[in-house]
Amino acid sequence: MSSDADDDNGDPRDARDLFKWLSREVRDLSCARAVPRVDGSGGVDALAFLRDHVARNSPCVISNAIDHWPALTRWKDPSYLADVMGDAVVSVNVTPNGRGDALLDTDGWRVVARDGGGGDDRINAAAADDDDAVVDVHPKPREVFVAPEERRETFRDFLRELNDDSRRRGDDSHPPVVRYISKQCGSLLDEFPALTRDCERELEWATAAFGAPPDAVNLWCGDDRAVTTFHKDHYENVYCVVTGTKTFALLPPCDGARLKPREAPAATFVAEDRTRARPLHTGPRTTAFARWTPILKDFWRRISPPREDAPRNRFALRLERPARSVAWSSVDVDDLARDGYPPPLLVDVHAGEILYLPALWHHRVSQRRGKDGEPCAAVNFWHDMAFDDRHACARFLDEARARFEVATDPTETSSD
């Protein structure tokens with residue numbers, strides 16, 4: 001059996017691990033060992049892009065295709081962004097560690113939930129309306145899938161706080177939070193329409209190649225503390241970096257099982273100074289009690305307001321209600337260096353470059369500020385994927401690997 005570095009992958013009948021054989025074969029036939037770079041000077045040819053990359057399910061980096069965007073120079077100046085956006089209120093995702101949408105061990109974390117269980121439905125609805133009222137969860141789950149806390153603030157305030165928090169990294173008395181503009185489903189047009197003058201609402205060559213305009217155009221803005229963990233999207237992704245640098249770690253769809261997804265209850269980061277302890281209701285919940293609920297809630301707010309002296313930027317984990325579970329990757333890039341498969345494809349996408357990321361490719365994303373210290377900003381175009389045999393095969397491989405691992409001795413090792 002040949003090693004990972006050999007050109008000949010060998011006969012699958014001789015492979016001790018068919019999944020590793022498949023991973024190597026896909027690399028050799030489809031995406032090689034590095035992400036190819038394409039010069040887009042003079043415009044990207046839609047037919048060539050479709051033939052060489054979309055049809056082959058192969059990522060690529062395209063340079064010189066958005067050189068005409070004023071954003072490449074204007075967005076380097078944070079004061080320009082603040083002036084253009086003015087005091088427009090936008091959605092900002094906030095975490096204590098830079099990792100929203102990730103699995104998190106709950107050891108050392110307070111886990112809370114809204115108090116709305118059992119009894120009269122009108123009481124449950126009243127409790128659910130009080131976002132700040134929570135109860136501690138005991139026993140708490142060992143692990144959760146945690147999403148960021150979403151805050152509404154002006155873009156001007158976001159930029160100021162992003163820089164202030166970055167400078168306060170070592171201040172334990174006032175630990176910084178990690179702010180990241182990463183709302184999806186069309187955030188550029190919905191929340192930042194004033195910035196569309198500096199870029200484009202769609203890329204004509206991409207629309208021609210995919211046969212339809214993008215389903216969503218999103219804006220991303222943050223610094224090196226924000227990391228997006230491994231995941232996949234059901235979209236063809238045309239990702240344009242405007243300032244700074246984005247680093248992508250890529251895995252083809254056939255490698256999904258390498259990420260060892262685990263299911264965990266869904267939760268959200270919530271700042272401790274935004275929560276309010278709420279007494280558990282131990283008696284019967286009656287209609288009369290339901291009528292008194294608004295009065296009791298107001299009384300509780302008065303005697304137990306959010307503490308002004310509470311430690312700022314301390315977070316709890318609030319479980320979603322109604323409860324749901326999410327299966328998510330449990331590994332990071334370093335873990336993939338030891339599993340015997342080909343390494344992830346690592347690619348830096350610099351300002352003015354575009355990454356074409358095919359649908360269903362697993363990816364992890366980190367970022368760096370620009371050379372003048374400007375935040376990293378990007379615009380991406382999501383085009384709907386074709387739900388064809390690629391989708392069916394990816395689902396089959398994930399399930400087959402899960403069943404195969406159950407039936408395999410975990411102590412057995414292989415050199416292939």
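The values are calculated or read from the model by the stated rules, or taken from the named source; none is laboratory data. Quick caveat: nothing in here was measured; it's all calculated off a predicted structure. Glycine gets a Cβ as well: all are built from the backbone with ideal geometry, and neighbour counts include every protein chain shown. These accessible areas exclude ligands, DNA and RNA; they are computed on the full protein's heavy atoms, side chains included. Shrake-Rupley method; radii C 1.70, N 1.55, O 1.52, S 1.80 Å.
For the range 77-93, backbone phi angles converted through the Karplus equation (6.51, -1.76, 1.60; θ = phi - 60°) give residue-by-residue couplings of 9, x, 5, 5, 4, 5, 5, 5, 7, x, 9, 4, 8, 10, 8, 10, 8 Hz, Gly and Pro being listed as x. With a simple spin-label model that places each label point 7 Å from the Cα along the Cα-to-Cβ direction, the separation between Glu204 and Asp190 comes to 2.9 nm.
Amide H to amide H distances under 5 Å link Val38 with Val61, Ile62, Ser63, where only residues 5 or more positions off or on other chains count and H is placed in the peptide plane. If you sort Asp215, Asp190 by accessible surface, 1.4 Å probe, largest first, the order is Asp190, Asp215. If a paramagnetic tag sat 7 Å from the Cα of Ser91 along the Cα-Cβ line, which residues of the range 186-215 would have the backbone N under 13 Å from that point? Zone members listed by number: 186-192.
Using only the Cα atoms of the range 56-102, build the gyration tensor, take square roots of its eigenvalues as a ≥ b ≥ c, and label the shape rounded, prolate or oblate: rounded if a/c is under 1.5, else prolate if a/b is larger than b/c, else oblate. Since a/c reaches 1.5 but b/c is at least a/b, the shape of the range 56-102 is classed as oblate.
Students often get this wrong: which residues of the range 79-111 have the backbone nitrogen under 18 Å from the point 7 angstrom along Cα-to-C-beta of Asp136? Label zone hits: 106-111.
Using a ≥ b ≥ c from the Cα gyration tensor of the range 1-78 (square roots of the eigenvalues), is it rounded, prolate or oblate, where a/c under 1.5 gives rounded and otherwise the larger of a/b and b/c decides, a/b for prolate? Prolate, because a/c is 1.5 or more and a/b exceeds b/c.
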